[in-house]
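Structure first, then comments.
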Amino acid sequence: MKKQINPSVKAHLLRSVLILLSLVTFNQDIFCQTPTPTATPSPPATECPIPRPGACTSYEAESNDNTGTAFIVSCPTCSGGLKVGFVGNNFGTLNFNGVGVAASGNYTVTICYTNGDAVRHALLSVNGSPGMPVNFPSTGSFQTVGSIQITIFLNTGCNTLEFYNPIVGSWAPDFDRIQFNCPTCAVFAPPIVTTNPATLIASFSARLNGSLNPNGLPTTFRFQYGTTTSYGLTTPPQSRSGNASQNVSANISSLMANRVYHFRSKATNVAGTRFGADRTFTTLSAIGPPIVRTDVATNVASHSATLNGLLDPHGLSTSVNFQYGTTTSYGSTTPAQTHTGNTYRNISANISGLMANRTYHFRIKATNTAGSTRFGGDRTFTTKP
């Protein structure tokens, strides 16, 4: 909205105006001013974008394309964090200029507004026509956005919608925006993304991790990665929705061994695109000691269980098994399995002949053809009675 005053001094000038105009009333959210002639409505815009028929189109009240004698004020819960207040009292006016349509006809407009009073009133003039009365019920507070819908006739091309109230002491609501073909006034927000540390880092592959909050909108998510912060490579897009933070990940391969890689998360919805912070990881050498991890036991019964772990043979043929027993001395082992390659794979082994209601310790062990041996951390499980 084209303001008549500089925003940096608006508060001081507004107080001066209120004093000069003799303050007559006050409520919890706005000041009411004495009668001042309503500004002459702006003529319809001669050029404006014409939305595709049926497309959701929104016009912000605080837009620089708008005119009038009302004021822009902060509104953290409104779209863009701003709204237009001080409309009415035979003083403030708000003109939405450049409302474009492809064909003349009746259109349903959704008016997004805030109102902490029981009801407020305004007149709506379309292209200079006599104002039609519009009632705005309470939204609960002047920081809570609500909406009403009305039907108006618009001309082909550009139109101007003016809101005003010529009655002294009577105010219109504060306006957030008007919309066509998008009835909800929920504030659209870009997704929230973070980049988390990479895991399962091998010689030629890794798993990229992050978190995403789609902010209630269908969102496309992916990772960008490469050997510099220019990235150059992306993971396949993932579609997510919801209003809560959720974990996201993607496996990448065909990397170079012993190289530093950069990566970050990227998410896009209709409200915008956001990027997570840049992170790095270093791939392993092509050949090296095996990499193992002991995972949680499953299928635990009175006399049996399944032991689980993770193995990257790290480029050499590797023998892997589990050690287990009632102490950290273990004493029993599962049959050896042989694996090779440079990727992580799940390892499991079923054990039986256990004692009921006893705690057992176990860990994974791997030895490659170069003689390197690695152990996973110790874990425990308790058999059922």
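Need one word for the stretch 251-292: rounded, prolate or oblate. Basis is the Cα gyration tensor (sqrt eigenvalues a ≥ b ≥ c); a/c below 1.5 gives rounded, then a/b vs b/c decides. In terms of gyration-tensor shape, prolate.
Among the lysines of the chain, pairs that are 8 or more positions apart or on different chains and have alpha carbons within less than 16 Å of each other number 4. Shape analysis of the stretch 191-299 places it in the oblate category; the axes a ≥ b ≥ c from the Cα gyration tensor give an a/c of at least 1.5, with a/b not above b/c. Taking the dipole about the Cα centre of the stretch 88-245, with the C-beta of Lys and Arg at +1 and of Asp and Glu at -1, give me whichever of S230, H121, N243 is farthest to the positive side. Of the listed residues, the answer is S230. Across the stretch 278-289, computed HN-Hα scalar couplings (Karplus, 6.51 cos²θ - 1.76 cosθ + 1.60, θ = phi - 60°) run 6, 10, 10, 8, 10, 5, 6, 5, 5, 9, x, x Hz from first to last residue, x flagging Gly and Pro.
Result for the chain in a Gaussian network model with C-alpha springs under 10 Å: among H121, H303, H314, the largest mean-square fluctuation is at H303. For the stretch 51-195, pairs of C-alpha atoms spaced more than 28 angstrom apart make up 15 percent of the total. Couplings 3J(HN,Hα) of the stretch 255-261, computed from phi: 7, 9, 5, 6, 10, 8, 10 Hz, in residue order, whole Hz [Karplus 6.51 cos²θ - 1.76 cosθ + 1.60, θ = phi - 60°; x for Gly and Pro]. Per-residue 3J(HN,Hα) values for the stretch 83-95, derived from phi via the Karplus relation 6.51 cos²θ - 1.76 cosθ + 1.60 with θ = phi - 60°, read 8, 10, x, 6, 8, x, 6, 6, 9, x, 10, 9, 10 Hz in sequence order (x marks Gly and Pro). Mind checking the log10 I(q)/I(0) for the chain at q = 0.07, 0.14 Å⁻¹? Debye, one equal scatterer per Cα, no solvent, two decimals. Ignoring solvent entirely, the Cα scatterers give -0.57, -1.14. Dividing the Cα radius of gyration of the stretch 133-204 by 2.2 N^0.38 Å, with N the residue count, gives 1.97.
Please report the net charge: other residues with Cβ closer than 13 Å to the Cβ of Q337, K and R +1, D and E -1. Neighbourhood net charge equals +2.
Evaluate the Kirkwood expression for the hydrodynamic radius of the stretch 298-385, namely the inverse of the mean inverse distance over all pairs of different C-alpha atoms, and round to one decimal in Å. Result for the stretch 298-385 stands at 13.4 Å.
Largest mean-square fluctuation among P335, P183, P197, in a Gaussian network model of the chain whose springs join Cα atoms under 10 Å apart, belongs to P335. How would the stretch 234-361 be classified by its alpha-carbon gyration tensor: rounded, prolate or oblate, with rounded meaning a/c under 1.5 and the a/b versus b/c comparison settling the rest? Oblate, since a/c reaches 1.5 and b/c is not below a/b.
Taking every protein chain into account, the accessible area of the stretch 295-385 amounts to 48 square angstrom per residue (probe 1.4 Å). Taking the Cα centre of the chain as reference, the dipole from Cβ charges on Lys and Arg (+1) and Asp and Glu (-1) amounts to some 1500 debye. Taking the alpha carbon gyration tensor of the stretch 84-136, multiplying each eigenvalue by 5 and rooting it gives semi-axes of 22, 13, 11 Å, largest first.
The values are calculated or read from the model by the stated rules, or taken from the named source; none is laboratory data. As the structure is a computational prediction, the values presented were derived from the model and not from experiment. For neighbour counting, all protein chains shown are included, and Cβ atoms are generated from backbone atoms with ideal geometry for every residue, glycine included. We work out accessible area using only protein heavy atoms, side chains counted, and drop any ligands, DNA or RNA first. Shrake-Rupley method; radii C 1.70, N 1.55, O 1.52, S 1.80 Å.
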